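The values are calculated or read from the model by the stated rules, or taken from the named source; none is laboratory data. Just so we're clear, the structure is a prediction, and the values are computed from it rather than from any experiment. Positions of Cβ are generated from backbone atoms using ideal geometry, with glycine treated the same way; all protein chains shown enter the neighbour counts.
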Amino acid sequence: MKRYRAILVGNGTMGSRHRTRFEACGVDFVAIADDRKEFTGIACALPEVDFAVIASPASSHYFYAKFFLERRIPVFVEKPLATTAEEARELVALAERGGVTLFVAQSECYNPLFLNFRKHFLAELNRVREKSGGCSGVRLEFRREHRHSERCRDVDVALDLLVHDLSLFFTMFRAQNVKVQRFQMSPDNKDAAWMTLCVDGGEHRGVVADFYVNRDSDCDVRTISVDFARAVKPEGAIPETSYTVSLARYTPEGEIAHIPDSLDNEHRFFLKLLAGACTEWGRRAAQTAADCVKLAVSGEQ
């Protein structure tokens with residue numbers, strides 16, 4: 001196995017998690033910066049590395065990612081990719097022009113609980129489509145809530161939480177087939193947001209998805225609910241017409257427990273991209289991350 005060399009920018013909660021798991025995969029971190037001053041010192045004598053991990057505050061992702069991409073150094077960056085649609089598009093274009101890997105760490109996409117849900121949901125959705133000729137009447141609800149935290153306060157709740165569930169949605173449906181029906185931020189503190197998307201083209205035309213995120217809640221929730229009640233029910237489908245799946249495991253105290261498989265899975269995918277595998281998939285994933293930023297910032301595609 002190749003022994004990779006990397007730089008870590010941002011050695012906080014997520015940075016330390018990424019570092020631990022990458023090191024378990026044989027990665028050596030030759031430089032670590034926790035703020036702009038430390039980064040400047042590293043940049044002045046930039047060591048030879050295979051990639052950079054960016055887990056700094058979201059408002060600084062664009063600056064650091066651009067620095068490395070301009071030097072054709074692959075980037076593994078925490079979500080969100082950037083804080084404006086223009087910056088996100090620029091980073092994707094920069095990576096494509098330079099032929100450099102740009103990977104956005106939206107770990108829920110690699111959560112084994114979500115991957116199992118997606119497999120069974122899409123199979124049932126396709127049975128509905130084949131039976132009824134469409135997917136009208138099928139509705140999804142994504143809910144993501146947690147108690148107040150001082151982490152990630154440099155961006156609003158849409159860039160902090162909504163991008164997670166948007167990324168999940170776009171692993172199932174093509175962005176070009178989706179329209180925004182509603183986007184609303186809470187007027188008082190921007191700690192809650194609502195969005196409704198409709199699939200209005202392609203084979204799954206008619207599916208509607210509601211999103212609700214809240215980072216000042218009195219509970220911790222990460223769920224996807226499915227409602228087939230208004231759709232034609234195909235023979236052989238599961239008996240329930242609606243159900244809810246949790247994307248989290250909980251401690252005895254009712255708090256969300258971290259699922260290490262999610263991070264481990266996304267690290268393996270990134271290392272596959274570095275090795276030259278799944279190149280087209282990687283390009284699409286980076287573009288999807290930029291699309292999620294645009295939706296979260298403006299509610300427009």
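Of all residues in region 31-76, which are under 17 Å from Y4 (Cα atoms) and surrounded by fewer than 16 Cβ atoms within 10 Å (Cβ to Cβ)?
L46, P47, E48, R72 - these are the residues of region 31-76 that are under 17 Å from Y4 (Cα atoms) and surrounded by fewer than 16 Cβ atoms within 10 Å (Cβ to Cβ).
Yes/no per residue for (1) more than 18 Å from the chain's Cα centre (by Cα); (2) in contact (Cβ under 8 Å) with a residue 40 or more places away in the chain:
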| position | (1), (2) |
| --- | --- |
| R72 | yes, no |
| A85 | no, yes |
| L94 | yes, no |
| Y110 | no, yes |
| N116 | no, no |
| V128 | yes, yes |
| G133 | yes, no |
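For region 147-174, enumerate the residues that are closer than 15 Å to E78 by Cα, over 13 Å from the mean Cα position of the chain (by Cα) and among the hydrophobic types (A, V, I, L, M, F, W, C).
Across region 147-174, the qualifying residues are C152, V155.
Give the residue that is modelled with the highest pLDDT, with candidates limited to residues of region 1-57 that are over 24 Å from the mean Cα position of the chain (by Cα) and within 13 Å of H267 (Cβ to Cβ).
Top of the filtered list is Y4.
In region 93-148, how many residues are of a type in the set (G, A, S), assigned to a helix (DSSP H, G or I) and either touching a strand residue (DSSP E or B) at 6+ places or on another chain (Cβ under 8 Å) or crowded, with 22+ Cβ neighbours inside 10 Å (or both)? Break it down into steps so the answer makes sense when it comes.
Pass one, region 93-148, residues of a type in the set (G, A, S): 93, 95, 98-99, 105, 107, 123, 132-134, 136-137.
Still in the running and assigned to a helix (DSSP H, G or I): 93, 95, 98, 107, 123, 132.
If we keep only those that are either touching a strand residue (DSSP E or B) at 6+ places or on another chain (Cβ under 8 Å) or crowded, with 22+ Cβ neighbours inside 10 Å (or both) as well, we get 95, 107.
Of the residues in region 93-148, 2 are of a type in the set (G, A, S), assigned to a helix (DSSP H, G or I) and either touching a strand residue (DSSP E or B) at 6+ places or on another chain (Cβ under 8 Å) or crowded, with 22+ Cβ neighbours inside 10 Å (or both).
Name the single residue, out of those in region 173-189 being of a type outside the set (V, I, T) and crowded, with 17+ Cβ neighbours inside 10 Å, that is farthest from V138 (Cα to Cα).
The extreme case among them is M185.
Tell me, which strands (runs of 3 or more DSSP E) lie completely within region 201-300 with 1 or more residues that are farther than 27 Å from L159 by Cβ and at pLDDT 85 or above? Break it down stepwise before answering.
Details: elements: 208-214, 221-227, 242-246.
Filter on region 201-300 gives 221-227, 242-246.
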